[in-house]
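Engineer: Sharing a structure below in structure tokens format, with a few things to ask.
The values are calculated or read from the model by the stated rules, or taken from the named source; none is laboratory data. As the structure is a prediction and not an experimental result, all values here were calculated from the model. Glycine gets a Cβ as well: all are built from the backbone with ideal geometry, and neighbour counts include every protein chain shown.
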Amino acid sequence: MPAVIAQARLTALRERLGERAVLTDPQQTAPYLTDHRKLYRGAALAVVEPSSVEQVQALLHWCNAQRIGVVPQGGNTSYCGGATPDDSGTQVVLSMRRLNRIRAVDAANFSLIAEAGCTLSSVQGAAAAADRLFPLSLGSEGSCQIGGNLSTNAGGTAVLRYGMTRDLVLGVEAVMADGELFCGLVALRKDNTGYDLRNLLIGSEGTLAVITAASLKLFPAIRTRATAWVSLPDPASAIALLGQLRQTSGDALTGCELAPQVALQLVLQHVPGTRDPGGAAAPWYLLVELSSSGEADLDALLEHTLARAIEEGVALDAVLARSLDQRKAFWKLRETIPEAQRAAGGSLKHDIAVPVACLPAFIERGAAIAARLAPEGYLVAYGHAGDGNLHFNLNQREGADEAAFLAREPALKRALHDLAAQMNGSISAEHGIGQLKVEELERYAPAAELTAMRRIKQALDPNNILNPGKVLRSRS
Ligand code: 2HG
Ligand code: ZN
């Protein structure tokens, strides 16, 4: 873009948003131009940080008129490059950071209203302060933002009990591509009034509108928890135990996370402050948690169910957390697997889901595929077993050539995604599409769905200014 045009555009942005809200200094903008996994590096005309919804409206109104692409960004924790601009230097990154107020907490209605830039942990904190629970729970909750959680329909570790982000939303406020405000911050459980724009925007990754605030569902605060680290012979036992726990716990099962021995070893080796949970060493582990807002004796219930599972040979051993610290230590072992993977070197990641009963078969067949197609790597397959969601990841073997390892990804990804598709699974269970999986979506989504998605995009964003090239390929 010619420098004079860029200058004129920056002046126009500053007029609309104020001097402070328009960042161009490369040192300041650098963190916004690359993604969490460092897969993409983009460029931007500017990073803008509006401090009000009106400023977001003014920005989109102007960008739409000028045909300038806008890339909304929350905590920048996307795994799929969903919030990174392209390399043209013509797009604007829209940081939601300053829109970070909790607007209202309504304990009696079990709801709260948070602006998009609130971190997930601040939303959880606001709910807790009112003796309520906001159950969305992710490893990145200290930095990811609720607007990003909605835009990507984030999953996490409590989906089994409370559902995906979509299930936790009562209403949204969003700015449409032309700057018009959609005021949909209802706090109703029942509202059958026509097309559900809220649910269309949730999960659309900033390609249909910019979510500026959300009305969120709250739940009774948790009073009791029982947590155990269970040693297992194989993934099939994990599925059997999952069934038993769901059956016996009266729906108190909140977390059911599967991890292989190698993941535990990586964490113990690379993450400071972690230690072996105790219990028998085993090929697989399941971290299980029951929780209740009542006074139930969940420890006794869990102990009883696990004792029976051990007797039946379903589980090999189990350690119950006897203190809050021990519970936190168990969760740290699970939540820091991505950090340990990063510390251990190059990795290839596949966020797949299959029906829960198919998980053991996926692991067995997927492991054979990985051994054949990526011999420079080893498998670190872990995830949310209760949801049928695996992070079917590989790490580079020590001494292996990194470039050769990374070059295996296209064929490996194809084979694993084909396997997931054969099992009626998903090629992106909880991390979204972003720019990483646009071609995968084109390949695996039903044709009628893609046609409908393109028509919706065309209808809501006819000038293709909203997160261009994410989810759907940009059409010129
Ligand atoms: C998790 O479950 C996250 O820990 C990240 O979804 C998964 O790094 C990954 O592949
Ligand atoms: Zn996950």
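Engineer: Go through the residues of segment 439-457 one by one and say whether even a single one is modelled with pLDDT of 95 or more, within 14 Å of ligand 1 (Cβ to nearest atom) and buried (at least 18 other Cβ atoms within 10 Å of the Cβ).
Structural biologist: The answer is no; no qualifying residue exists.
Engineer: So, one more: All but one of (1) assigned to a loop (DSSP other than H, G, I, E, B); (2) out of contact with any strand residue (DSSP E or B) (no Cβ under 7 Å at 6 or more places or on another chain); (3) within 16 Å of ligand 2 (Cβ to nearest atom) hold for residue 193; state the number of the condition that does not hold.
Structural biologist: Failing condition for residue 193: (3).
Engineer: For segment 218-228, state whether one or more residues are over 25 Å from residue 292 (Cα atoms) and among the β-branched types (Val, Ile, Thr).
Structural biologist: no
Engineer: Right, here's the next one. So which residues in segment 432-475 are in a loop (DSSP other than H, G, I, E, B), over 12 Å from residue 204 (Cα atoms) and either within 16 Å of ligand 2 (Cβ to nearest atom) or β-branched (Val, Ile, Thr) (or both)?
Structural biologist: 436, 437, 465
Engineer: Follow-up question, since we're still on this one. Is it the case that some residue within segment 367-375 is among the small types (Gly, Ala, Ser), crowded, with 22+ Cβ neighbours inside 10 Å and in contact with a His (Cβ under 8 Å, 6 or more places away or on another chain)?
Structural biologist: no
Engineer: Among the numbered criteria (1) free of Cβ contacts under 8 Å to residues at least 40 places away in the same chain; (2) aliphatic (A, V, I, L, M); (3) part of a helix (DSSP H, G or I); (4) under 24 Å from residue 263 (Cα atoms), which one does residue 370 miss?
Structural biologist: Tallying (1) free of Cβ contacts under 8 Å to residues at least 40 places away in the same chain; (2) aliphatic (A, V, I, L, M); (3) part of a helix (DSSP H, G or I); (4) under 24 Å from residue 263 (Cα atoms), residue 370 fails exactly one: (1).
Engineer: Of all residues in segment 94-148, which are touching a helix residue (DSSP H, G or I) at 6+ places or on another chain (Cβ under 7 Å), more than 16 Å from ligand 1 (Cβ to nearest atom) and farther than 28 Å from residue 466 by Cα?
Structural biologist: 105, 133, 134
Engineer: Is there a residue being away from ligand 1 (no atom under 16 Å from the Cβ), of a type outside the set (Ser, Thr, Tyr), part of a loop (DSSP other than H, G, I, E, B) and closer than 25 Å to residue 152 by Cα anywhere in segment 390-411?
Structural biologist: no
Engineer: For segment 54-70, name all the residues that are farther than 17 Å from residue 11 by Cβ and either in contact (Cβ under 8 Å) with a residue 40 or more places away in the chain or outside any helix (DSSP H, G or I) (or both).
Structural biologist: Those that are farther than 17 Å from residue 11 by Cβ and either in contact (Cβ under 8 Å) with a residue 40 or more places away in the chain or outside any helix (DSSP H, G or I) (or both): 56, 57, 60, 64, 67, 69, 70.
Engineer: Moving to a separate point now. Tell me which residues, restricted to segment 130-153, are surrounded by fewer than 23 Cβ atoms within 10 Å (Cβ to Cβ) and closer than 16 Å to residue 206 by Cα.
Structural biologist: Result: 153, single match.
Engineer: So is residue 156 part of a loop (DSSP other than H, G, I, E, B), within 16 Å of ligand 1 (Cβ to nearest atom), buried (at least 16 other Cβ atoms within 10 Å of the Cβ) and in contact (Cβ under 8 Å) with a residue 40 or more places away in the chain or not?
Structural biologist: Answer is yes for this residue.
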